[in-house]
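The values are calculated or read from the model by the stated rules, or taken from the named source; none is laboratory data. These figures come from a predicted structure and were not determined experimentally. When we count neighbours, we look across all protein chains shown, and the Cβ atoms used for this are built from the backbone with ideal geometry, even at glycine. Side chains included, ligands, DNA and RNA excluded: accessible areas come from the protein's heavy atoms. Shrake-Rupley method; radii C 1.70, N 1.55, O 1.52, S 1.80 Å.
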Amino acid sequence: MPNRLAHSTSPYLLQHADNPVDWMPWGEEAFARAEREQKPILLSIGYATCHWCHVMAHESFEDADIAEYLNAHFVPIKVDREERPDVDRVYMSYVQAITGQGGWPLNVWLTPDRKPFFGGTYFPPEDGHGRRGFLSLLRAITEAWQKHRDQLVHEANRVLATLAHHTRNAAAPEEPSAEKELIDAGSEAFEQCFTHLHEAFDEENGGFGGAPKFPRASNLHFLVRAACIQGVDTDAGRRALELVTGTLRSMARGGIHDHVGGGFHRYSVDAGWFVPHFEKMLYDQAQIALNYLEAYQATGHEAYAQVARDIFEYAERDLLLEGGAYASAEDADSPAPDGQGHGGKAEGAFYVWTKTEIESVLGPAAPLICLHFGVSDDGNVPPEFDPHHELAGKNILHQRQSLLDTAEQFNLTPEEASDRLVEALEKLRLTRERRARPLRDDKVITAWNGLMVSALARASVVLRQPELASCAERTAAFLEQQLHDPARSVLFRSYRGIRGEAEAFAEDYACLIQGLLDLYEATGRARWFLWALKLQETFDRNFWDEAKGGYFASQAGDQHLVLRLKDDYDGAEPAANSVAAMNLFRLGYALPDEQRWFERGRATLRALEPQWTRHPHALPQLLCAVEYALSSPRQVVLVGDPASESFRAMQQAVFSRLGARRAVLAVTGGADEGALSVRLPALSGYKGREGATLAYVCERETCLPAVDTPASLEALFATTPSVH
């Protein structure tokens with residue numbers, strides 16, 4: 001009989017609706033029951049495409065004996081961390097504080113008033129290998145709750161007080177730092193972060209550190225900005241770009257890159273980007289695409305542009321939902337042909353190949369693919385990276401040698417070899433489409449779609465593909481229609497057929513505002529800039545910390561949260577405060593008469609100053625906002641028709657290469673331009689010329705004479721200073 005999760009719209013919660021565990025959703029009913037029965041809560045947090053969540057569900061939550069014991073002694077609550085990142089953040093912080101590590105599934109035991117007293121991640125069902133099994137652990141916690149409840153409650157209060165103290169005291173002193181002090185602190189933090197990444201760089205494989213290896217996009221974004229500051233022709237600038245391009249080349253060659261279907265998997269379990277954890281996340285696609293775009297801007301090498309296109313093609317084909325938004329993820333697991341694995345599913349089953357399969361699909365073209373992508377008769381996955389023996393005899397495609405070497409070995413020109421590889425990979429893709437696909441979590445997450453809007457908008461200009469801007473507008477329009485309440489000017493977190501109950505969190509506002517600012521710069525449509533302004537005002541009203549500065553991750557007033565935290569780590573996703581600070585400075589660049597944006601941006605930096613000065617490598621994205629704070633506000637105003645070739649050529653002159661920060665404004669005669677001119681009266685003073693696009697570059701309250709050619713505009717960027 002289904003449990004209380006059966007009424008949920010979350011794919012993750014629905015995966016557990018038929019468990020014998022009497023799961024309850026996060027909410028008043030569960031909390032009242034725990035209080036009434038004086039039972040501890042087992043809070044289990046995961047997400048629909050999480051491999052180890054599936055493993056623990058099959059081993060423990062589908063087990064009748066474990067479920068019977070769990071139901072008798074605990075109030076079990078399931079949470080989709082993608083729907084409720086605020087709940088996940090609180091209890092992940094607790095588990096990381098007591099164990100030094102985190103991840104999903106996240107399992108935390110709470111007092112009836114939701115204070116944590118024990119927790120961890122994955123637990124095996126039975127004792128073994130020096131680890132206590134899940135049922136054994138449940139019995140031990142039950143005994144401790146019955147005999148030593150006061151001690152458990154005391155410990156819960158102590159740890160929670162420590163976390164609250166850390167949150168309160170992480171903010172900088174109330175006295176604002178002088179600009180000179182910010183320059184000194186920022187310069188030192190930049191140097192320390194660069195040194196950390198330089199020392200952690202894997203010279204052989206790219207990336208930072210050893211296994212497992214994650215594509216942490218904020219590291220690469222920081223290094224690109226460091227190269228711009230130093231100058232790409234200086235030793236330091238060249239070295240920064242070497243770390244970026246070395247990482248991106250290795251990622252593109254590795255198994256973490258889906259050579260057949262496009263896009264990137266979550267991470268690799270080895271140091272060489274070879275054996276991936278096969279799930280695909282929307283936020284990774286958006287951020288990695290931007291990494292490749294920036295590498296293309298910095299180097300001009302077409303290979304980076306092509307990988308970015310590959311990501312967008314994958315997202316459009318496999319993640320795009322009816323209505324124009326993108327699904328949140330695709331699972332790592334899928335039905336195994338042999339029925340083995342957990343619950344008949346195996347990780348990577350959709351993506352891997354036997355050599356015989358490749359030969360049967362490609363015929364005479366198979367040797368070329370097998371050589372280039374390292375395919376062997378017995379499979380190419382080392383046993384140490386296949387603990388569940390799900391990949392035995394299978395091959396993960398990864399580029400083992402250069403295109404030039406492959407061409408030479410088959411007496412082909414590089415162009416001929418490339419054409420044959422592309423044709424063969426498309427045949428494999430069409431064959432793979434007939435396999436049972438992994439689950440697609442078709443939940444729309446506002447923040448992640450905001451990141452995708454940003455990537456598409458920027459790519460439309462950098463790659464000279466205006467159709468990508470149309471895709472970004474389509475997604476933004478969906479979010480505006482389905483996840484925005486215009487009467488209150490508030491966002492909601494998620495959508496799946498209907499809008500989710502949870503209102504949006506800080507990351508949703510920050511990422512969507514960033515996307516809208518990028519979309520305005522790509523299209524010149526004032527409606528996107530005006531919506532970004534409205535959302536920023538809501539964001540400030542509901543999330544700003546008036547006492548210490550910066551943004552809380554959740555709104556005030558949620559009585560169910562035992563702790564209100566701030567995002568202060570740029571991990572798989574950038575911290576909301578990092579994105580928000582950059583948004584504030586961008587608004588300040590665009591609206592220089594409205595000093596509040598600069599003031600609030602600097603206050604955000606000051607609020608997190610202890611973190612980014614003590615551990616700058618934890619906040620590389622925020623350090624890029626420090627660069628904004630120390631740069632002179634510069635505007636580029638384009639006057640003309642956004643659909644014209646001359647307008648696009650001038651846009652290209654602005655975005656073709658990385659360089660100084662600037663706000664790009666447009667005078668196009670569009671429908672919403674009058675409303676924007678109310679906020680920026682100077683716009684009405686910029687005059688155009690029939691049949692041409694004019695560009696005005698303004699800095700420090702001075703505008704240079706208009707130019708009408710891309711070459712003239714590029715020359716202005718080459719000669720105008722931008723950083724103090």
Along the charge dipole of the chain, pointing to its positive end and built from +1/-1 on Cβ of Lys, Arg, Asp and Glu, which listed residue (283, 519, 535) has its Cα farthest out? 535
Which distance in Å, rounded to a whole number, links the C-alpha centroids of region 385-408 and region 645-685? 47
Virtual spin-label span in nm between residue 426 and residue 313, 7 Å along Cα→Cβ: 0.8
For residue 423, the accessible surface traced by a 1.4 Å probe with all protein chains present amounts, in square angstrom to the nearest 10, to 110
Shape call for region 194-318 from the C-alpha gyration tensor, a ≥ b ≥ c root eigenvalues: rounded (a/c under 1.5), prolate (a/b greater than b/c) or oblate? oblate
Accessible surface, the chain, averaged per residue in Å² (probe 1.4 Å): 40
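For a 29 Å ceiling on Cα separation, which of these pairs sit above it: 213/566; 345/427; 280/394; 39/280?
Exceeds cut-off: 39/280.
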How many nm is it between the label spots at residue 534 and residue 126, if each spot is 7 Å from the Cα in line with the beta carbon? 6.0
Per its Cα gyration tensor (rounded if a/c is under 1.5, else prolate when a/b beats b/c, else oblate), the chain is best filed as oblate
Looking at region 482-543, which trypsin sites (Lys or Arg not before Pro) are DSSP coil and have at most 10 other C-beta atoms within 10 Å of their C-beta? 488
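Whenever you get a sec, compute what percent of the accessible area on region 39-81 sits on carbon and sulfur atoms (1.4 Å probe).
Carbon with sulfur: 46 percent of the solvent-accessible area.
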If R0 = 56 Å, then residue 499 and residue 410, at their Cβ-Cβ distance, give a FRET efficiency to the nearest 0.05 of 0.55
Estimated distance in nm for a label pair at residue 36 and residue 488, the labels positioned 7 Å out from Cα along Cα-to-Cβ: 2.8
Starting with the highest mean, order 219-225, 549-555 by the number of other Cβ atoms within 10 Å, averaged over the residues of each peptide. 219-225, 549-555
Whole-Hz ³J(HN,Hα) for each residue in region 631-636, computed from phi via Karplus 6.51 cos²θ - 1.76 cosθ + 1.60 with θ = phi - 60°, x for glycine and proline: what do you get? 9, 6, x, 10, 10, 10
Once every DSSP H run of n ≥ 4 in the chain is given -39500 (n - 2.57) and the sum is divided by its residues, what mean residue ellipticity at 222 nm do you get, rounded to the nearest 500 deg cm²/dmol? -15500 deg cm²/dmol
Tensor-based shape of region 454-610 (alpha-carbon gyration tensor, a/c under 1.5 rounded, otherwise prolate or oblate): oblate
I'd like the accessible area for residue 394, computed on protein heavy atoms only with a 1.4 Å probe and all protein chains in place. Round to 10 Å², please. 50
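FRET efficiency for residue 711 and residue 594, Cβ-Cβ distance as r, R0 = 35 Å, nearest 0.05? Present the calculation step by step, with values, prior to reporting the outcome.
Working: r = 33 Å, r/R0 = 0.96.
Once the sixth-power term is evaluated, E becomes 0.55.
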Keeping all protein chains in position, work out how much accessible area residue 104 exposes to a 1.4 Å probe, and write it in Å² to the nearest 10. 80
Leaving ligands, DNA and RNA out of it, report the carbon-plus-sulfur percent of the accessible area of region 579-696 at a 1.4 Å probe. 52
Just to check I understand the Karplus step: with θ = phi - 60° and J = 6.51 cos²θ - 1.76 cosθ + 1.60, what whole-Hz values come out for region 219-227, glycine and proline as x? 4, 6, 4, 4, 5, 5, 5, 4, 5
Using a 4.7 Å cut-off between beta carbons, which cysteines in the chain end up with no partner cysteine at all? 193, 228, 370, 471, 511, 624
When the charge dipole of the chain is computed with +1 on Lys and Arg Cβ and -1 on Asp and Glu Cβ about the Cα centre, the Cα farthest towards its positive end, among 385, 201, 618, belongs to 618
Lys and Arg at +1, Asp and Glu at -1: neighbours of residue 217 with Cβ under 13 Å from its Cβ sum to -1
Report the gain in length on full extension from residue 139 to residue 645: 0.36 nm times residue separation, minus Cα-Cα distance, nm rounded to one decimal. 175.1 nm
With θ taken as phi - 60° and the coefficients 6.51, -1.76 and 1.60, list the Karplus ³J(HN,Hα) couplings across region 364-374 in order, rounded to whole Hz; mark glycine and proline as x. x, 7, 4, x, 4, 5, 5, 5, 5, 10, x
Which residues does the label zone of residue 153 cover in region 80-122, counting backbone N under 18 Å from a point 7 Å along Cα→Cβ? 109-118
Suppose R0 equals 25 Å. What FRET efficiency, 1/(1 + (r/R0)^6) with r the Cβ-Cβ distance, do residue 242 and residue 400 give to the nearest 0.05? 0.65
What is the distance in Å between the Cα centroid of region 503-554 and that of region 5-71? 34
Which of the aspartates and glutamates could be linked to residue 78 by a straight reach, that is with a Cα gap under 15 Å, when you skip same-chain ones fewer than 8 residues away? 18, 22, 28, 29, 62, 86, 88
